[in-house]
Each structure stands twice: as structure tokens, then as C-alpha cells.
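Just so it is clear, none of the values below were taken in a lab; they were calculated from the coordinates. Just so we're clear, the structure is a prediction, and the values are computed from it rather than from any experiment. Methodologically, a virtual Cβ is constructed for each residue, glycine included, from the backbone with ideal geometry; neighbour enumeration extends over all protein chains shown.
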Amino acid sequence: MIKQKAFTTLDNNELLLSTEDLMICDSKDPLCIAGVFGGLSSAVKSDTKEILLESAYFNPTTIRKTAKRHNLSTDASFRYERGCDPNITIYALKRAALLIQEIAQGTISSKIFDYYPKKINDCKVDLYFENLYNLVGEKIGVGNVKSILNDLDIEILQEDKQKLVLKIPTYRYDVTREIDVIEEILRIYGFNNIAISTNLNSVLPSSSFDYSINNKNLVSNLLSNNGFLEMMNNSLTSSKLNSLDTQIDNEKKY
């Protein structure tokens, strides 16, 4: 059995790490739980002179499992487990460095080291006009659709009479399918702008009521309240199993 390693978080609580936890480490020890909580050993103090800035993207599922495993809920885990833009890390790193320069009079002592072996590209989605009209319930002008997509920063790569080929930016990690795009279009277009059809189909329950069932339940409740017990037998039980061992006569076998 693999021995669990203890880790002390920024709030001075000790956790037992799992082999499934994603950690950020130096050459010897873990420094923080990736995307969840920092470690006390690498904390910034009032007399700290040198710091290392790290900006990364983590798999939301991994972060969520780690946070739940250790019963942790932080600002970092809240963001990462819901998804972040994987291609904003360099911008975020530069922004943090700039704020340190402006507010704390810090100086940048090294260049940015970027390790991104498997780049996450923008998602491509085919939007068919027929599917859009069928789901929305009415035809939205193509010009209106294209305007909405442009406002949403969704680029149109190709266009023909049947569909639009779209490129979804990585920061819209919640839009990966055609139905997601249709939902976004409808959200901006406005549900209140969809005309209500004059032909509404509905299934109504029967107005007839079987009062015998209600009376049966009343009697059943009355008897059970007075100490009676109800026994319900399986009607599909074979006659051989229901036969009495001691029969009075052949006409009364059960």
C-alpha cells in the first residue's frame, strides 16, 4: 500500500495527499495542491524578497475531485472546476507581473518559460439553419443570426445555404456543440421575441374518478389503525406451492 504524504496548506491545516491529487512541486517537496490550495512552506511572507509566478490550466474534473476529496472550497477551485480559458495563462502571468511592478515596485528578473506541449485549439461547430429553426420554433433572419454570433465573438469560417461553420473561442468552454450555439443565439435574440403558436396540443387527464378505489383505501386505513394486518399474496404462485399439507377433503386443497 502506498503511504500517504502529509501536506500543510496555507491555513495551517494538515491533509493526507492521495496519489490522484495533482500537485505542483519543486525538486523535493510538494508546494501546493494544483488549482485548489497553496502550501504553507511556499507561502509569501512580509519579508519575502523573491517569488515565482506560475500560471497554468488544469483539467476541471481533476480539480473537482481533489477539492471534494479533501472537503476544500476555495476561489481557485471554484473557477478551475467550472472551466477556464486554457489560452489565457500567458496574459494572466504578464498581468500579475505588471501589478507587482506597479503596486509593490517589484522587478522582473527572468523571461517567461512557457511549456505547452499539447495546445488546445478553438472548437469548430457546424450550425445548420434547419436545426436552428426547428428548435427555436420560427425563422430568424440569417443576417440577425450572423450579427448575434459576431457579438458573441464567434467567428464564421464558412457559409452556404444550409449551414455556417463556426469557430468558438477557447474562453467559451461551455459552447462545444451545435445545440449550445443555438441556445446562445436564442438567449441574445430573446425568448420574448418568439411568437406563441395558436395551435397548442395538450394531454388532459380524464375527469372520471373511480370512487371505489377511494372507499377501499378508507376501509384499509380504518382496519390497519385498529390493529389488522393486510397480507397480499402473489397470484402467480403455482398451485403446488399453495396446496395445504393437511387437506380436509379433496375439494378444499387450499
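Brief remarks follow.
- Here r is the Cβ-Cβ distance between A97 and E130 and R0 is 51 Å; the resulting FRET efficiency, rounded to 0.05, is 0.55.
- Largest first, the three principal axis extents of the alpha carbons in the stretch 6-104 are 38, 32, 24 Å in whole numbers.
- Here the dipole of the stretch 24-71 is about 360 debye; that uses its Cα centre as origin and unit charges on the Cβ of Lys and Arg (positive) and Asp and Glu (negative).
- Long pairs among K146/K167; K124/K161; K5/K28; K65/K124, criterion Cα-Cα beyond 20 Å: K65/K124
- Compactness check for the chain: Cα Rg over 2.2 N^0.38 Å is 1.83.
- Relative contact order (percent, whole number), the chain, Cα cutoff 8 Å, 6+ residue spacing: 11 percent
- Each residue, T48 and N12, gets one label point 7 Å from its Cα in the Cβ direction; the gap between the two is 1.7 nm.
- Using R0 = 45 Å, the C-beta based FRET efficiency linking K111 and E159 works out to 0.60.
- Over all other residues within a Cβ to Cβ distance under 11 Å of Q162, the charged ones net out to -2, with Lys and Arg as +1 and Asp and Glu as -1.
- Given their separation in residues at 0.36 nm each and the Cα-Cα distance between them, K119 and K68 gain 15.6 nm when the chain is fully extended.
- Whole-Hz couplings from phi, Karplus 6.51/-1.76/1.60, listed for the stretch 18-33; x for Gly and Pro: 9, 5, 8, 6, 8, 10, 9, 10, 9, 5, 10, 10, x, 9, 7, 7
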